[in-house]
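Got a structure here, written out as structure tokens. Questions coming.
The values are calculated or read from the model by the stated rules, or taken from the named source; none is laboratory data. Bear in mind that the values here come from a model prediction, so they are computed numbers and not experimental data. We place every Cβ from the backbone using ideal geometry, glycine too, and count neighbours over all the protein chains shown. Each accessible area value is taken on the protein alone, full model and side chains, heavy atoms only, with ligands, DNA and RNA left out. Shrake-Rupley method; radii C 1.70, N 1.55, O 1.52, S 1.80 Å.
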Amino acid sequence: PGPLVLVCGAVGIGKSTAARVAQEALGGATIASDRVRKRLAGLAPTDRMRGADLDALYAEGVTEQVYAAVLERAEPLLSSGRAAILDATYSRRRHREAAQRFAAARGSESLLIELRCTRDVALSRLAARVARGADPSDAGPERYDASVAAFEAPEEWPPGAHLVIETDREGWQGRLAAAISSRR
């Protein structure tokens, strides 16, 4: 089976970029929770949600469905021997543990890529994303602090399968690609 790779961290820190780097290094495909969430809600990836509609889209029950659907979409990739790169905040320990169990049950290796960056850089990235208006994510600068506050440190993940990448440092994408390639 292929490896299961979780790309996690708060909003605006570069998860989608890191997922692309991982996909290039490993092959396979990326499954983005933002796209899955919109599809489950019957929305186009770039449909914008606000207020109560946004709150409903991110309600706890919906989030549970999204994480289950992300793993469901990973199954055929892993079974075919390809990598499944999961692009989501994975802010909750229970979701990361579910992914670990999912990988172990299929005999897949699992890797957690935890991303970090400064608040200023993340806020700048989020503002640029909102201005472009073409990203599936509805997260703007106003969601950053809540995202950081909700993030449970992935202390449960084995150190040998846990990469920490600072995405506000020059050359971080190359370092990530090298770290992934060295594991093969």
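Just a yes or no: is a residue in the range 120-136 surrounded by fewer than 13 Cβ atoms within 10 Å (Cβ to Cβ) and on the phi > 0 side of the Ramachandran plot?
yes
Here's something else I'd like to know. Count, please, the residues in the range 141-157 that happen to be under 16 Å from the mean Cα position of the chain (by Cα) and open to solvent by less than 60 Å² (accessible area, probe 1.4 Å).
7
Being under 18 Å from the mean Cα position of the chain (by Cα) and surrounded by fewer than 20 Cβ atoms within 10 Å (Cβ to Cβ) is the filter here; which residues of the range 36-58 pass it?
So the first thing to find is which residues in the range 36-58 are under 18 Å from the mean Cα position of the chain (by Cα), and the list is 36-40, 45-46, 57-58.
The answer is 39, 40, 45, 46, 57, 58.
Being closer than 18 Å to residue 10 by Cβ and out of contact with any Lys or Arg (no Cβ under 6 Å at 6 or more places or on another chain) narrows it down to one of 109, 114, 152, 170, so name that one. I'd like the intermediate steps shown before the answer.
Working: 109 fails: closer than 18 Å to residue 10 by Cβ; 152 fails: out of contact with any Lys or Arg (no Cβ under 6 Å at 6 or more places or on another chain); 170 fails: closer than 18 Å to residue 10 by Cβ.
Sole residue among the options that is closer than 18 Å to residue 10 by Cβ and out of contact with any Lys or Arg (no Cβ under 6 Å at 6 or more places or on another chain): 114.
Counting just the residues of the range 20-53 that are modelled with pLDDT of 90 or more and β-branched (Val, Ile, Thr), which one comes out nearest to residue 180 (Cα to Cα)?
Checked the range 20-53; the qualifying residue nearest to residue 180 (Cα to Cα) is 21.
Does the range 38-53 contain at least one residue that is touching a residue at least 40 places away in the same chain (Cβ under 8 Å), assigned to a loop (DSSP other than H, G, I, E, B), of a type outside the set (Ser, Thr, Tyr) and touching a strand residue (DSSP E or B) at 6+ places or on another chain (Cβ under 6 Å)?
Within the range 38-53, not a single residue is touching a residue at least 40 places away in the same chain (Cβ under 8 Å), assigned to a loop (DSSP other than H, G, I, E, B), of a type outside the set (Ser, Thr, Tyr) and touching a strand residue (DSSP E or B) at 6+ places or on another chain (Cβ under 6 Å).
Here's something else I'd like to know. Consider only pairs whose beta carbons are under 8 Å apart and that are at least six residues apart or on different chains; among these, list those whose first residue lies in the range 91-110 and is touching a residue at least 40 places away in the same chain (Cβ under 8 Å) and whose second residue is surrounded by fewer than 16 Cβ atoms within 10 Å (Cβ to Cβ) and polar (S, T, N, Q).
So the pair list comes out as 106/79.
Can you name the residue in the range 158-184 that is under 30 Å from residue 55 (Cα atoms) and assigned to a loop (DSSP other than H, G, I, E, B) and is also most open to solvent (accessible area, probe 1.4 Å) among such residues?
Looking at the filtered set, the residue picked out is 168.
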